[in-house]
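Quick notes on the structure that follows.
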Number of protein chains: 2
Amino acid sequence: MPASARPKRPSLEDVAARAGVSRATVSRVVNGTPTVDAAIAARVDQAVRELGYQPNLSARALVSKRTDTLALVASESDARVFGDPFFSRIVRGSTLEASAAGMQLVLFMPQDPDELDRAERYVRSGAVDGVLLISQHETYDPLPGALIQAGIPVVIGGRPFDESLGVAYVDNDNVTGGRLAARRLVEIGRRRIGTITGPQDMSAGIDRLEGFRSELGEAFRPDLVVHGEFTQQSGMEAARRLLADAPDVDGLFAASDLMALGAFQALHQAGRRVPEDVAVVGFDDIQVAASAFPPLTTVRQQTVLQGRAMVRLLMARARPDLELPPLPGLPGPASDPHLVLPVELVVRESA
Amino acid sequence: MPASARPKRPSLEDVAARAGVSRATVSRVVNGTPTVDAAIAARVDQAVRELGYQPNLSARALVSKRTDTLALVASESDARVFGDPFFSRIVRGSTLEASAAGMQLVLFMPQDPDELDRAERYVRSGAVDGVLLISQHETYDPLPGALIQAGIPVVIGGRPFDESLGVAYVDNDNVTGGRLAARRLVEIGRRRIGTITGPQDMSAGIDRLEGFRSELGEAFRPDLVVHGEFTQQSGMEAARRLLADAPDVDGLFAASDLMALGAFQALHQAGRRVPEDVAVVGFDDIQVAASAFPPLTTVRQQTVLQGRAMVRLLMARARPDLELPPLPGLPGPASDPHLVLPVELVVRESA
DNA sequence: CCAGGATGAGAGAGCGCTCTCTCATGTCTC
DNA sequence: GAGACATGAGAGAGCGCTCTCTCATCCTGG
């Protein structure tokens, strides 16, 4: 069948003709307006089914200014996005919440300025009702400003760098998390405590190090700080560097579980036992943390909840007409546009 | 600023008024029609910039029947999608190709029938020009049929179960891949060769096993077949079961690299050396395969190319008006709607 | 039995754009 | 210098939908 034979999609008009009613009535039935006689509604429903009618989203959006669609933009390499369970959980949480609200979530993973630009044009073209932004880097990112400027509702996952924009966000309490990790290592008697940080152009990386540093105080050893990129590979490499520079390290805070797992590899290869020789604390509490060898002591963050809360916040701004039931588990009022979710230490065997 | 203060977005009309031209002329300039006087085009461009004008996608799509958007639907749990580099590469390939063609790619990861239904409504509402479908399971999936029925261009990644639909697809030569793996293990003198299969409700899982089985012929040992789910965890568990049932196994074909890596874990923990005691061949050639310990012998599939080819195929059906340069690296003519990409054995140290 | 209010269906405008047609210029040729 | 032809800009219809008005019909109560 040649492409030219593509059948014309049925319109409201067609359904109306078939059901013997007006366009307006079909619209009412399709949108669930209650003021339609049951018999007529049934006739319309039948016609809809027979024709396989599907409302044209463009036409609807054009007049109603709503698309019932939200965008999730992760400005990150797809290798990172796909390699890190963190994203999986955020996506899960936001999809759950979007579905519950009857919204569709679409994902964008722009990798370079060109793709970022394309994504921006897309969301600015009115194709979505609001935007979730995650994995923000400090390098100048025009997206949040441009969207806010354009009047598009935005919620950021993590702490925004430019607070002056006044943008809503949902963060994890990364500073406290860093503190908890440091405290645990001190409490179990470690003295030469190093850390593999996250990227220092991301708020999560910065804040976790900040908490770690301030908790350690005098005991903080700048020479035991190595930088990672949140990935397992980077954690392994960082741990190797650390071991080479400071073989006497006896405690290690990895700012992500993936990096902690990488550190495990490096430590094992170097013949160090965990936790006997080096105690390790991670961050995230991803699924495999519990089944790692040894099971990883880590700081748990509520990533699914973060995703849900982000969508809630976004919905409140993008669709104030919708009345949503309160989301359980939030630390503050649901309307608070600056949410910081609590973290907790999960003690297993690695520290 | 209350949400109600959201400024009205500028329309073509506004730009036209500001530039002192007609709506049609602004449309021409915005769409790059060459028949516009340079001076006038400059004036329009200026007005566009001053107003921050962004064409309304809905309005455009309504009349032009094009959205310049493609959907990629991965019917898979987000844990699987995010845990497997395979998806990352497919996404990379399709995004690259979509960008090159000036199209936007949006991702969907429906996890349950409800989300699948929502995604279907979305793509059937005219919000996209075409759909890429990956990670299809044999369990009855109404999506391909429904989309084809609705006249929406579809391309499937992998071998479709229902060939009667005549849908275009891009597959990897999984049968040959299974053969290559088996042949390698035989050639290096292995006699008791087991396999960890992929899911048997997915064509990739079925076909790799089929190739492996037919190559082995008489030497195929049904008792050395264990099933996995393509994940590292499932590979580890499957290898443990295999070792428990058949401690004398000396060769192993894992139908994905992730499962091979899981098998490595199980083998190490069981005190087996790779490749001395058990030779292992994987499938995919994901990035970490080369840096695994030992480096993994595997069957390389061209996943990025697959993603690119899928978009090409889709564009040919969704946008026949666009003339795209040929895509290098394809085994057949670019117009062939049933593409099977070649695979190759990459010999490293594990087998 | 009829005014007055519900109730429920239709008419029609218009969302922001594209694209065909039409028409006013400017340019050339003989 | 007049006719033929490009060239480039405007007019206007209409894409498929929503939503406000308007109006026909039915049920009340006095």
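B:GLU13 meets all of the listed conditions (1) assigned to a helix (DSSP H, G or I); (2) surrounded by 12 or more Cβ atoms within 10 Å (Cβ to Cβ); (3) near DNA strand C (Cβ under 9 Å from one of its atoms) but one, namely (2). Applying the criterion of being near DNA strand D (Cβ under 7 Å from one of its atoms) and among the basic types (Lys, Arg) to the residues of region A:3-57, the residue that is nearest to A:GLN104 (Cα to Cα) is A:ARG9.
Taking only pairs six or more apart or across chains, which ones have beta-carbon atoms under 6 Å, a first residue in region B:72-97 that is part of a strand (DSSP E or B), and a second residue that is polar (S, T, N, Q) and surrounded by 24 or more Cβ atoms within 10 Å (Cβ to Cβ)? Within 6 Å, the pairs are B:LEU72/B:SER94.
Taking the listed residues A:ALA334, A:ALA351, A:ALA318, A:ALA289, the one that is at pLDDT below 95 and in the same structural domain as A:LEU180 (by TED's automatic domain parsing) is A:ALA289, with no other qualifying. In the set (1) within 12 Å of chain A (Cβ to nearest Cβ); (2) buried (at least 24 other Cβ atoms within 10 Å of the Cβ), B:ASP117 fails one condition alone, (2). Of all residues in region B:341-351, none are outside any loop (DSSP other than H, G, I, E, B), among the polar types (S, T, N, Q) and under 30 Å from B:GLU187 (Cβ atoms). Within region B:74-89, being more than 7 Å from chain A (Cβ to nearest Cβ), under 24 Å from B:ARG121 (Cα atoms) and in contact with a helix residue (DSSP H, G or I) (Cβ under 6 Å, 6 or more places away or on another chain) holds for B:ALA74, B:VAL81. Selection of region A:61-91 for residues being under 28 Å from B:PRO55 (Cα atoms) and β-branched (Val, Ile, Thr) yields A:VAL63, A:THR67, A:THR69, A:VAL73. Filtered by the rule that a residue be surrounded by fewer than 24 Cβ atoms within 10 Å (Cβ to Cβ) and either among the hydroxyl-bearing types (Ser, Thr, Tyr) or farther than 30 Å from B:ASN56 by Cβ (or both), region B:123-147 gives B:SER125, B:ILE134, B:SER135, B:HIS137, B:GLU138, B:THR139, B:TYR140, B:ASP141, B:PRO142, B:PRO144, B:GLY145. Can you pull out the residues in region A:17-33 that are surrounded by fewer than 18 Cβ atoms within 10 Å (Cβ to Cβ) and near DNA strand C (Cβ under 8 Å from one of its atoms)? Across region A:17-33, the qualifying residues are A:GLY20, A:SER22, A:ARG23, A:ALA24, A:SER27. From the residues in region A:99-114 that are within 19 Å of B:LEU105 (Cβ to Cβ) and outside any strand (DSSP E or B), which one is farthest from the other protein chains (Cβ to nearest Cβ)? That would be A:PRO113. Taking the criterion of being among the aliphatic types (A, V, I, L, M) and closer than 19 Å to A:PRO331 by Cβ, the residues of region A:168-183 that qualify are A:ALA168, A:VAL170, A:VAL175, A:LEU180. Taking region A:246-275 as the range and being hydrophobic (A, V, I, L, M, F, W, C), part of a helix (DSSP H, G or I) and over 18 Å from A:ARG183 (Cα atoms) as the test, the residues that pass are A:LEU258, A:MET259, A:LEU261, A:ALA263, A:PHE264, A:ALA266, A:LEU267. Within region A:37-52, the set of residues being crowded, with 18+ Cβ neighbours inside 10 Å and either within 8 Å of DNA strand C (Cβ to nearest atom) or in the same structural domain as A:PRO153 (by TED's automatic domain parsing) (or both) comprises A:ALA41 only. Within region A:76-98, take every residue that is modelled with pLDDT of 85 or more and among the polar types (S, T, N, Q) and give me the one that is surrounded by the most Cβ atoms within 10 Å (Cβ to Cβ). Ranking the qualifying residues of region A:76-98, first place goes to A:SER94. Screening B:GLY307 with (1) under 26 Å from the mean Cα position of the chain (by Cα); (2) assigned by TED's automatic domain parsing to the domain that holds B:VAL226 gives one miss only, at (2).
Restricting attention to region A:52-109, the residues being of a type in the set (A, V, I, L, M, F, W, C) and over 24 Å from B:ASP84 (Cβ atoms) number 9. Scanning region A:30-62 for residues that are assigned to a helix (DSSP H, G or I) and at the interface with chain B (Cβ under 9 Å from one of its Cβ atoms) returns A:LEU57, A:SER58, A:ALA59, A:ARG60, A:ALA61, A:LEU62.
Residue count for region B:234-254, restricted to those that are within 14 Å of another protein chain (Cβ to nearest Cβ) and farther than 19 Å from B:THR298 by Cβ: 2. For region B:237-260, a residue qualifies if it is closer than 26 Å to B:VAL81 by Cβ and surrounded by fewer than 22 Cβ atoms within 10 Å (Cβ to Cβ), and the qualifying residues are B:GLU237, B:ARG240, B:ARG241. Annotation note: Cβ proximity below 9 Å between a residue of region A:277-305 that is basic (Lys, Arg) and a residue that is modelled with pLDDT of 95 or more and surrounded by fewer than 20 Cβ atoms within 10 Å (Cβ to Cβ) (sequence gap 6+ or interchain) occurs for A:ARG300/A:GLU344; A:ARG300/A:LEU345; A:ARG300/A:VAL346.
The values are calculated or read from the model by the stated rules, or taken from the named source; none is laboratory data. These figures come from a predicted structure and were not determined experimentally. Virtual Cβ from ideal backbone geometry, glycine too; neighbours counted across all protein chains shown.
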